[in-house]
Structure formats: structure tokens, C-alpha cells
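A short reminder: the numbers here are calculations on the coordinates, not readings from a lab. Keep in mind the model is a prediction, meaning the values are calculated, not measured. FYI the Cβ positions are ideal-geometry reconstructions off the backbone, even for glycines, and counts take in every protein chain you see.
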Amino acid sequence: MRPALPAVLLLNALLIAAGCAQVPELDDHVTPAAKAAPYPALVPLDPLLNSTAETRITDQTDPQLQARAAALRARAQRMRQATNP
């Protein structure tokens, strides 16, 4: 039991040091619009989990994802050009 004593002392010292830390005020970073926003609706988790159970990876998955990624990159580029003429 003697070798565990330094580890316990070190852990206690770390916990005491963590208790002395300055925690930033998070309320200062929340916008008034976010404070006034309603809470999100809670939905049952089972339908969400069951809908993902049907997803299967096939030989076409990689090419489909690559094409989708390329289309999204092109869309992002068009959106950047539209906002920064």
C-alpha cells in the first residue's frame, strides 16, 4: 500500500490546484437573442436510432460520398463568390 501513497498525494494536489482556477463567465458570451430563444423540442430517440440502422456501406458508398463532397465544395465556392463580389 505504500507505493500508492505518492499517487494519492499527487492526485489530491492536482485537484486542489484545479479548484483554484479562474472559470470564465459564460453568461457574458451569450447573445440576447440566444437567451430569448425557446428551448429545442425534445424528440424520442428510438425513431432516430432505428432510421440509421438501415444504412449499409456498399461498393458505391465511396464514389457517392466523393461526388457529394465535390458538389458541396462547389456550392460553398459559389456562395463565397456571391457574398464577396
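Mind pulling the angle between the C-alpha long axis of helix 4-19 and the longest principal axis of the chain? Nearest 10 degrees, somewhere in 0 to 90.
For helix 4-19, the angle is close to 60 degrees.
Show that you can apply the helix-only estimate: for the chain, add -39,500 (n - 2.57) for every DSSP H stretch of four or more residues, divide by all residues, and state [θ] at 222 nm to the nearest 500. Numbers along the way, then the final one.
Details: 4 runs with 52 residues, N = 85.
Calculated mean residue ellipticity at 222 nm is -19500 deg cm²/dmol.
What list of ³J(HN,Hα) couplings, whole Hz, do you get for segment 36-46 from phi and the Karplus terms 6.51, -1.76, 1.60, once you set θ to phi - 60° and write x for glycine and proline?
Using θ = phi - 60°, the values come out as 7, 5, x, 5, x, 6, 8, 10, x, 7, 4 Hz.
Loop only per DSSP, at most 13 neighbouring Cβ atoms within 10 Å: give me the trypsin sites (Lys or Arg not before Pro) in segment 1-71, ordered by residue number.
Working: sites: Lys35, Arg56, Arg68; in loops: Arg56.
Taking segment 1-71 and a limit of 13 other Cβ atoms within 10 Å, the loop trypsin sites (Lys or Arg not before Pro) found are Arg56.
Using the alpha-carbon atoms, what tilt in degrees (0 to 90, nearest 10) does helix 61-83 show relative to the longest principal axis of the chain?
Helix 61-83 and the main axis of the chain meet at about 90 degrees.
Comparing Leu48, Leu15, Leu26, which has the greatest mean-square fluctuation in the GNM of the chain with Cα pairs linked when under 10 Å apart?
Judging by the Gaussian network model, the answer is Leu15.
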